[in-house]
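A short write-up of the structure that comes next.
The values are calculated or read from the model by the stated rules, or taken from the named source; none is laboratory data. No experiment lies behind these values; they were computed from the predicted model shown. Cβ placement follows ideal geometry from the backbone for every residue including glycine, while neighbour counts extend to all protein chains displayed. Surface accessibility is based on the protein's heavy atoms, side chains included, excluding ligands, DNA and RNA. Shrake-Rupley method; radii C 1.70, N 1.55, O 1.52, S 1.80 Å.
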Amino acid sequence: MSKAKEQKMNEKYPTLPKTPTGIIGLDEITGGGIPKGRPTLVCGDAGCGKTLMSLEFIIRGAIDFDEPGVFMAFEEKTEELAMNVASLGFDLDKLQKQKKIKLDHVHIDRSEIEETGEYDLEGLFIRLSYAIDSIGAKRVVLDTLENLFSGLSNETVLRSELRRLFHWLKDKGVTAIITGERGDGKLTRQGLEEYVSDCVILLDHRVINQISTRRLRIVKYRGSLHGTNEYPFLIDEEGISVLPVTSLKLEKPVSSERITSGIPALDKMLDGRGFFKGSSILVSGTAGTGKTSIAAYFANQTCSEGKKCIYFAFEESPNQIIRNMHSIGVNLQQYVDKGLLKFFASRPTLYGLEMHLVAMYKVIKKFKPQSIVLDPITNLITVGSVSEVKSMLIRLIDFLQEEQITVMFTALTLNTIISDQTDEGVSSLVDAWLLVRDIEYNGERNRGMYIMKSRGMKHSNQVREFVITDKGLDLVDVYLGPEGVLTGSAREAQILQEQTGEVLRDYAFGRKDREISRKRKVLEAKISSLQTEFESIEEELNKVSQEEELVKQVAAKTRAEITQRRGEKG
Amino acid sequence: MVEQDPDYDNLDEQQSYILRLFVTGASPNSSRAISNLKQICETYLKDNYELEIIDVYQQPMIAEREQIIVLPMLLKVSPSPERRLMGDLSDTEKVLIGLGLKKY
């Protein structure tokens, strides 16, 4: 269904006026409701929800749109009807007293009837007309009109009278729903679709693999665009809700806002800032690799920022998850108490895939979370085939992206050979894919994590060891040893070995240093002794030359004295 | 089909018939029904019946109360059991059976 296109059309041409049914989702599929002032046929097998749908149409009309309605029941008594919808929180008696709704039970019992000649259904017309006029009804429901056929034998009269009835309803200008049981090869047992040709809605109730799913399809809607697919619908304590999540457009808003995964080391791998807001993240891995822990961390992080999160658990009960996460230092209970975190646990086999989708859709719409967790999607396979799960997840992701809700799926990879292909075939849909895998080496099992993909951001290509301790989760760089990647105790051993090496090296360095200093000392000692020797030799030499000088001086002095003396004498 | 007392003839003598005929104005079916019924009553129940002819157009409320769908309709109020005869009463046999005037 392309709404934009339809709106464009509305601007150009006056289109069919429509009456909103008020039933969640149905008005979206029909582009505004069922044709105003015309009869609509709702058909389906027994127990598919025809009566409830038509009754909800009347009740919603009376409450939400201020359009009084007449409900003419050919099957159930008015008290039974009132009782049936009381469980949905509607008070039919009160609405009847307020003259917003008129219930009329038509009782036909063949055993009490004798047909004695020509007749017509004028009584029904009078009755209906009186009911409509008494409350000014805008909406009319004839619940299983075909019951007339079991009560009366003259089919020719009935058919011509029904034709007249539909014309009459149109003339009255009331929006009518006529329900009919599905017949063999025909939409209705008596071929009512011949008379009601404007809008036909088919309800279906199928059981596949022992799981029943209700579906709705608009077979025909004259003069209007409408969704043509089969849409699942849900009957719960709030009535009927139809799920029109099949947006085929890829025009969703995107956000460049980032949200943290709750594990700082993981954020670091993702460009240092975590995931994009509104993106979808798949965490896959073999059993016991800590997928749930990652998901719980993510939920915990969302809640610690004061934002809302829904945790859809398909494997464990909420209490089990809370207890288990306590062991790794995550206290989810506090957020549950604060109303930030909501658990929504159900066994996948509880109902069909589509029902799961509708249920999730409803919870999400109501709670308006910032992020959701689905743990694990693998279990959904038990209720549908891979392709069905995929189509369901496509629709869920579509819906979530539109709502800008970040989603984290966990998926179990069953085979140990990690296939790059798919996990439930959703890997092509998700924006980020984290893979947690076992690394078995040296007689122990460790966890390695890496990012398979992360659209639109620079991300690490490194395998990190994923460590779960009682303090929480952390990622550690793995060691590359001669025999490959080292994890766990092998990594510890490697670290130890390297530490030992360092000590030894340090020691060696120290010894060499000391040797050098000793050598230097020896050398320095030698240098000083040579110096001393040189000094003593120098002194010796100096002494000799000084003596000679002295001798020379003394000799010269003596000669001068002698000369002087000789002169005096002579 | 009709639970009849074996000696119904006697009972009929004692108990008077109360009949109500619901019609829609002067439509062909209704007119026929009135004349047919009058004839049957005159023939089989002379002076032993009370007939009330009700025009549903005039009293639409009665349609819901009396569970009326098909018109014209003859309602045999008494003697019990209550019976409803649909149509213009042209099939005299069926009318007589319905009124308990004839064995099936």
note = Projected onto the charge dipole of the range A:3-242 (unit charges on the beta-carbon of Lys, Arg, Asp and Glu, signs +1, +1, -1, -1), the Cα from A:ILE218, A:LEU169, A:CYS48 with the largest positive-side position is that of A:ILE218
query = Along the charge dipole of the range B:26-82, which of B:LEU71, B:SER35, B:GLN58 sits closest to the positive end, that is, farthest toward it, with unit charges on the beta carbon of Lys, Arg, Asp and Glu (+1, +1, -1, -1)?
reply = B:SER35
Dipole magnitude (debye, nearest 20) for the range A:3-242, charges at Cβ of Lys, Arg, Asp, Glu = 1180
task = Name the residue farthest towards the positive end of the dipole of chain A from the options A:ALA411, A:MET392, A:SER545, assuming +1 on Cβ of Lys and Arg, -1 on Cβ of Asp and Glu, about the Cα centre.
result = A:SER545
task = Please list A:THR260, A:THR144 in order of solvent-accessible area, largest first, computed with a 1.4 Å probe with all protein chains present.
result = A:THR260, A:THR144
task = Please calculate how many Å² of accessible area the range A:140-294 carries per residue, with a 1.4 Å probe and no DNA, RNA or ligand atoms counted.
result = 41
query = Taking a 1.4 Å probe, which of A:SER197, A:SER212 shows the most accessible area, and what order do the others take after it?
reply = A:SER212, A:SER197
request  = Would you please state the base-10 log of I(q)/I(0) at q = 0.05, 0.11 1/Å for the protein assembly as shown, with intensities from the Debye formula using one equal scatterer on every alpha carbon?
outcome  = -0.45, -1.10
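Taking each residue in B:69-80, count the Cβ atoms of any other chain within 10 Å of its Cβ, then average. What number comes out?
Values: counts 18, 16, 8, 7, 4, 2, 0, 1, 0, 0, 0, 0.
Taking all residues of B:69-80 together, the mean is 5.
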note = Measuring from its Cα centre, the protein assembly as shown shows a charge dipole (+1 at each Lys and Arg Cβ, -1 at each Asp and Glu Cβ) which, in debye to the nearest 20, is 3580
inquiry  = Can you tell me the length gained on complete extension of the stretch A:LEU88 to A:ASN542, counting 0.36 nm per residue apart and subtracting the Cα distance?
reply    = 150.6 nm
inquiry  = Rounded to the nearest 20 debye, what is the charge dipole size of the range A:29-117 about its Cα centre when +1 sits on each Lys and Arg Cβ and -1 on each Asp and Glu Cβ?
reply    = 520
remark   = Dividing the helical contributions, -39500 (n - 2.57) per DSSP H run of n ≥ 4, by the residues of the protein assembly as shown yields a 222 nm value, nearest 500 deg cm²/dmol, of -13000 deg cm²/dmol
inquiry  = Which entries of A:LYS291/A:LYS458; A:LYS50/A:LYS277; A:LYS36/A:LYS99; A:LYS277/A:LYS390; A:LYS36/A:LYS342 have Cα-Cα distances beyond 31 Å here?
reply    = A:LYS50/A:LYS277; A:LYS36/A:LYS342
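With a 1.4 Å probe and every protein chain kept in, tell me what percent of the accessible surface of the range A:3-242 is carbon plus sulfur.
Ligands and nucleic acids excluded, carbon and sulfur reach 46 percent.
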message = With θ taken as phi - 60° and the coefficients 6.51, -1.76 and 1.60, list the Karplus ³J(HN,Hα) couplings across the range A:276-285 in order, rounded to whole Hz; mark glycine and proline as x.
response = 7, 5, x, 8, 10, 10, 10, 10, 10, x
query = For the pairing of chain B with chain A, what total accessible surface becomes buried, with a 1.4 angstrom probe, in square angstrom to the nearest 100?
reply = 2300
inquiry  = Can you work out the Karplus-derived ³J(HN,Hα) for every residue in the range B:47-60? Use 6.51 cos²θ - 1.76 cosθ + 1.60 with θ = phi - 60°, whole Hz, and x for glycine or proline.
reply    = 6, 10, 8, 10, 10, 10, 10, 10, 8, 5, 4, 6, 10, x
remark   = Rounded to the nearest 10 degrees, the helix A:353-367 long axis (Cα) sits at an angle to the longest Cα principal axis of chain A of 70
